[in-house]
Amino acid sequence: MKKIFAGLLLTSVLWTASPADAATPQLKIDEVVVKTDAAPEVKNNRTMVPLRVISENLGAQVQWKDSQITLSTNQSTVILTLNSQTVIQNGQAKQLDTTPYLKNNRTYVPIRFIAETFGSQVDYKQSTVNIATKPLFINNQKIKALHYEYHMTMGGVIQEVKGHSYHHAMYKIFLQKGDKVEAPKDYSWQLNLDIPGSYYKLGQYDFLNADNKSVQQFDTYSLNQAFPDELLKGYPTLLLHDVHHDSWYIFSDNKMQSIQQLMNAATNNGFNKIISNTVL
């Protein structure tokens, strides 16, 4: 009799735990488990996620006006209002079956509706929301990952960035090149303290296909400024090297900052990991 009671008690505990587990689903984008400081929630059978998950990992731009939120990509625009089921999708009013809301200073929005509006595929299996976004294609080749390499005094680090929205965003920045220039006379991973106008390599960015082969490589360089100003007159501070076409361009500090912001977001959200570290 005691064994039967204990079995019924265990069954009751497991049954009552299931809804709680369902209330905190796992979110994966492009097969990467998304890290977030506020967990997804289930409201009215709809998975709600913090707004930052959308803006940083699906590549959407966010604008606020009072309690109205505008999410936009190159293809679509969605306007939501806090605590309202009315949404404007590409200029047309629609009704949601749930409402965006504010909780602990985080704005929660319905992930399936927004992801599908932006052309992503959404699948829900075993308490996991899987979102597949549109991949980047370069020269008709699908990009699987972006490798970022940088060196220090002794050794270097290679990081692997996944997530198609990050690939799209990074590639777009590299395509916004400045004026074309001649290749510098001296450039390498090392500082050259003998030649004014030499450049040292800040980073190497390889867009890789399914076979882990580089489809496109961009390198960024900074002017070695350990010389008097008069010797550096006329030299651009930053350069971009399109390696596959062996072309050089002036690059800007704003673009470098945008790249760093993307790398930071990819790291914070779980899309960037170190795959090699030889720094001593």
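The values are calculated or read from the model by the stated rules, or taken from the named source; none is laboratory data. For clarity, every value in this text was computed on a predicted model and none was experimentally measured. No Cβ is skipped: glycine too gets one built from the backbone with ideal geometry, and neighbour counts run over all protein chains shown. Just the protein is used for accessible areas: all its heavy atoms, side chains included, with ligands, DNA and RNA removed. Shrake-Rupley method; radii C 1.70, N 1.55, O 1.52, S 1.80 Å.
Of the residues 235, 205, only one is of a type outside the set (Lys, Arg) and in contact with a Gly (Cβ under 9 Å, 6 or more places away or on another chain); which? Write out each step before concluding.
Working: 205 fails: in contact with a Gly (Cβ under 9 Å, 6 or more places away or on another chain).
Only one candidate passes the filter, namely 235.
Tell me the residue from 59, 155 that is touching a residue at least 60 places away in the same chain (Cβ under 8 Å) and either under 30 Å from residue 200 (Cβ atoms) or of a type in the set (Ser, Thr, Tyr) (or both), please.
Values: 59 fails: either under 30 Å from residue 200 (Cβ atoms) or of a type in the set (Ser, Thr, Tyr) (or both).
Just a single option satisfies the conditions, and that option is 155.
If residue 227 satisfies every condition in (1) open to solvent by less than 40 Å² (accessible area, probe 1.4 Å); (2) under 19 Å from the mean Cα position of the chain (by Cα); (3) modelled with pLDDT under 95 but one, which is the exception?
The single condition residue 227 does not satisfy is (2).
Here's the yes/no breakdown for (1) at pLDDT below 95; (2) assigned to a helix (DSSP H, G or I); (3) of a type outside the set (Lys, Arg):
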residue	(1), (2), (3)
219	no, no, yes
236	no, no, yes
255	no, yes, no
266	no, yes, yes
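Among the residues of region 109-127 satisfying the criterion of being crowded, with 19+ Cβ neighbours inside 10 Å and within 19 Å of the chain's Cα centre (by Cα), which is nearest to residue 73 (Cα to Cα)?
118
Of the residues 24, 99, 36, 70, only one is of a type in the set (S, T, N, Q), modelled with pLDDT of 90 or more and not in a strand (DSSP E or B); which?
Numbers: 24 fails: modelled with pLDDT of 90 or more; 36 fails: modelled with pLDDT of 90 or more; 70 fails: not in a strand (DSSP E or B).
Checking each option against the conditions leaves just 99.
Does any residue in region 116-139 that is more than 12 Å from residue 59 (Cβ to Cβ) come within less than 6 Å, Cβ to Cβ, of a residue that is open to solvent by 50 Å² or more (accessible area, probe 1.4 Å) and of a type outside the set (Lys, Arg) six or more places away or on a different chain, and which pairs are these?
Hits for this filter: 122/116; 128/26; 130/123; 132/121.
Out of curiosity, is residue 202 open to solvent by 10 Å² or more (accessible area, probe 1.4 Å) and modelled with pLDDT under 95?
Values: open to solvent by 10 Å² or more (accessible area, probe 1.4 Å): yes; modelled with pLDDT under 95: no.
When the stated conditions are applied, residue 202 does not pass them.
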